[in-house]
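To start, the structure under review is shown below, and the notes come after it.
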Amino acid sequence: MTMQKSEAIVSVADAPAQLEGLLELMRRHDVVVTQEDGVHVGHFPSGQAHLSASAERVEMRIEAPDMTALNAIKLELTGSLTYVYGQELNIDWSGGTDVRTPLPKLCVLTVQSVEQLTPHMRRITFSGDNLIRFAENSNLHMRLAFPDGAVDLPLPMVNGRGRVVWPEGAKMPVLRKYTVRKVDLESGTVAVDFVLHDDAGPGSRFAAAARPGDVIAMIGPGGLTAAAADWLLLAGDETALPAIGRILEGLPPTARGVAFIEVAGPSEEQPLVRPDGFDVKWLHRNGAASGTTALLIEAIRAADFPAEGSVFVWAAAEFEAFRSIRTHLRKERGLSADRQLVVAYWRKGSTEDEMGKAH
Ligand SMILES: Cc1cc2nc3c(=O)[nH]c(=O)nc-3n(C[C@H](O)[C@H](O)[C@H](O)COP(=O)(O)OP(=O)(O)OC[C@H]3O[C@@H](n4cnc5c(N)ncnc54)[C@H](O)[C@@H]3O)c2cc1C
C-alpha cells in the first residue's frame, strides 16, 4: 500500500518538555506510544507519527494510508501541541496542504425527543451515526455546533495544515461545550442535558426551542473523567450535574465517596443512580442567583477527607467557584495535581467564547 506522508518541524521553547506533554496527551487519548531508536512512535487508529525533540524543535513525521487519515493525524497533533504549548503555533506541514477531508470527530445529530427533567434542565435525545466513540465513559465532553440563525448547519472539514475549515461564505455555527449524558448504541441515540439558564446564549436558546427534526452537530469527544481512587469527591453546579450523573453511573458498585451538587432548590434535584457507598448532597441556592454563592467551596472545606487510601477530587462549576476550589485543594489540602481535576464550566457575565479568550 502506498502511504501518504507529511512532516513538520516546530520551533518551541523547551521542546523536550513540550514533546513530553504532547505524548502524555496522546496516551490520554488512547494513542499507544512506543519507542524506536530513540524516536517516539504514536500509533493512531489509521496511521503513525514519529516524534522527536531537540533543544528548541519538535519534529513530527507522519504517515497514513489516505489523505483523510493523514489530515486526522495532523489535526490531532496540531491541536494537542498547541494545547500543551498554551499559545497559537505556526505548524507548517509539508505537502497536501490544500486537500480538504471530512472532520473525523464530527457527528450530525437530529433531535428525536425533548424531555423536561426539572424546571431548568432539559434532556434532548438526538439520533446520529457513528456514536461509538462517545459511549466510552472516560471521555465525557464534546462540543455542539448550533446554526447561527435560521440557516442550515454548514459542515466543517480538515485542511492539510491540520486545521478545521468551513465552506466558503458559510455562516459559522456557534460552538458550545456540553457533556454526553447517555449513549444508546442500539437505538443510535445520544442524550444531552441542557441547563435553561438566565441570559440565554445560543446553547440554552437552542435547548429551550428544540423540536424533533432540528439538526446540529457534535464534535469530540474530549475531556477527562474522575480517576480511580479509594474515595472520590465530586462537586459541581447544575452544568456539571450531567457529568456527575454519568460518572456515578460508571463507578464500580464498591466505590465510595461524596457528591456535592449545587442547584436552585429542591425542584431541581434529580434521582441519580449511584453505588451504595456514595452520598449525594444537594446544596440549594434558595433564591440566590447561580454563580454567586460559596456553597460548593464551603461544603468541600467542611468535608472529612479519609486519612487512609487514595483520594480524587473532580469538580466543575462557575469560574469563581472553580478558582476557590482549586486554591483550597492545592494550598489547604495539599492535593497533588494528579489527584484532582477542577474545571470552570462557565463564567458569570461572559459567553463561552469570551471566557475562552480570557484564558
Ligand atoms: C466541558 C464542559 C461541559 C459542559 N457540560 C454542560 C452540560 O452538559 N449541560 C449544560 O447545560 N452546560 C454544560 N456546560 C456549560 C455550558 O457550556 C455553559 O453554560 C455555556 O456558557 C452555555 O452556553 P450558552 O450559549 O447557553 O451561553 P453563553 O452564550 O456561553 O453565555 C450567555 C450568558 O449566559 C451566562 N451563563 C452561561 N451558563 C450559565 C449558567 N449555567 N447559569 C447562568 N448563567 C449562565 C453567561 O455568563 C453569559 O452571560 C459545560 C461546560 C464545559 C466547559
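Each value in this text was obtained by applying a stated rule to the coordinates, not by laboratory testing. Note that the structure is a prediction, hence the values are computed from the model and not measured. Cβ placement follows ideal geometry from the backbone for every residue including glycine, while neighbour counts extend to all protein chains displayed.
Data table
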item: Gap separating the Cα centres of region 70-86 and region 290-314, nearest whole Å; result: 34 Å
item: Net charge, Gly291 excluded, C-beta distance under 13 Å - Lys, Arg +1, Asp, Glu -1; result: -3
item: Fewest-first ranking of Ile297, Ile91, Ile261, Ile9, using other Cβ atoms within 10 Å as the exposure measure; result: Ile9, Ile91, Ile297, Ile261
item: Long pairs among Lys5/Lys171; Lys74/Lys348; Lys5/Lys177; Lys182/Lys281, criterion Cα-Cα beyond 25 Å; result: Lys5/Lys171; Lys74/Lys348; Lys5/Lys177
item: Protection proxy ranking, peptides 269-275, 33-39, average beta carbon neighbours within 10 Å, highest first; result: 269-275, 33-39
item: 222 nm mean residue ellipticity, helices alone, for the chain (DSSP H n ≥ 4; -39,500 (n - 2.57); rounded to 500); result: -6000 deg cm²/dmol
item: Top of Val280, Val190, Val151 by mean-square fluctuation, Gaussian network on the chain, Cα under 10 Å; result: Val151
item: Most positive-pole-ward Cα, Ala303, Ile247, Val273, against dipole of region 231-357 from beta carbon charges; result: Ala303
item: Cα centroid separation - region 89-118 against region 177-242, whole Å; result: 17 Å
item: Kyte-Doolittle mean at least 0.5, axial Cα span of 30 Å or more - DSSP H helices of the chain; result: none
item: Note, ³J(HN,Hα) from phi for region 113-127, Karplus 6.51, -1.76, 1.60, rounded to Hz, x at Gly and Pro; result: 8, 10, 10, 8, 6, 9, x, 10, 10, 10, 9, 10, 9, 10, 9
item: Fewest-first ranking of Val164, Val313, Val263, using other Cβ atoms within 10 Å as the exposure measure; result: Val164, Val263, Val313
item: Distance from region 127-142 to region 1-69 (C-alpha centre basis), Å; result: 25 Å
